[in-house]
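Below: one structure, written as structure tokens.
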Amino acid sequence: MGAFDVSQQFAEARIAQLELSDKQKTAARLVLGQCAECHSFGVVGTDAAPALGEVYEGKVAAGAFEYSDALRQAGGQWSRDRLLAYLTDPGAVAAGTYMPNPEIEDPAVREAIVNVLQALKEEPE
Ligand code: HEC
């Protein structure tokens with residue numbers, strides 16, 4: 001976790017390659033930093049949250065984590081649209097999920113975060 005987590009460095013580096021304004025890149029980095037307060041971007045989760053390295057197009061609640069019943073029972077996969085919906089309003093995807101609303105104001109930044117999740121899955125470091 002923190003500055004020495006290679007998966008976080010990979011995630012942050014990925015932002016630079018996206019088609020975003022400098023302002024949006026800064027916002028996306030800040031949002032990633034918030035995710036990292038609970039999540040790892042690698043494949044091993046933390047005590048606070050499941051790992052995000054393999055969620056993209058993977059099964060919902062498939063990590064080694066004590067998930068809420070809400071997320072466990074949600075079923076299905078993390079498609080791009082479902083991830084966008086979860087990052088817009090977690091409770092709308094799984095009422096009672098433990099994850100707080102990340103309150104990402106700019107939809108382009110939300111897309112960017114999902115692009116990073118896709119990159120983590122498809123181009124593991
Ligand atoms: C305050 C801690 C916290 C923050 C900050 C946070 N999350 Fe989460 N997240 C969780 C927890 C806890 C879960 C498991 C939810 C459950 O069991 O209902 C979760 C679940 C998830 C899942 C589903 C994982 C799975 O295995 O199915 C994704 C995707 C996700 N978070 C992405 C993010 C992203 C992206 C960010 C940053 C924008 C973020 N989270 C910020 C705590 C957090």
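Here are the numbers:
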| quantity | calculated |
| --- | --- |
| Selection of GluC sites (Glu not before Pro), region 1-83, meeting DSSP coil and at most 12 other Cβ within 10 Å | Glu19, Glu66 |
| Cα-only Debye scattering, region 2-122: base-10 log of I(q)/I(0) at q = 0.18, 0.21 Å⁻¹ | -0.92, -1.29 |
| Contact order relative to length of the chain, as percent, for alpha carbon pairs under 8 angstrom and 6 or more apart | 26 |
| Efficiency of FRET from Cβ geometry, Asp81 and Val43, R₀ 25 Å, rounded to 0.05 | 0.60 |
| Principal-axis tilt of helix 22-38 within the chain, Cα atoms, nearest 10 degrees | 40 |
| GNM top mover of Gln34, Gln77, Gln17 - the chain, alpha-carbon springs below 10 Å | Gln17 |
| DSSP-loop chymotrypsin sites (Phe, Trp or Tyr not before Pro) across region 66-125, with at most 10 other Cβ within 10 angstrom | none |
| Fraction of alpha-carbon pairs over 20 Å apart in region 1-61 - percent | 27 |
| Acute angle (nearest 10 degrees) that the helix 107-122 long axis makes with the longest principal axis of the chain, alpha-carbon atoms | 80 |
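All of the numbers you see were taken from the coordinates with simple rules; none came from a lab. Nothing here was measured: the structure is a model prediction, and the numbers come from that model. In this analysis, Cβ positions are derived from the backbone assuming ideal geometry, glycine residues included, and neighbour counts consider all displayed protein chains.
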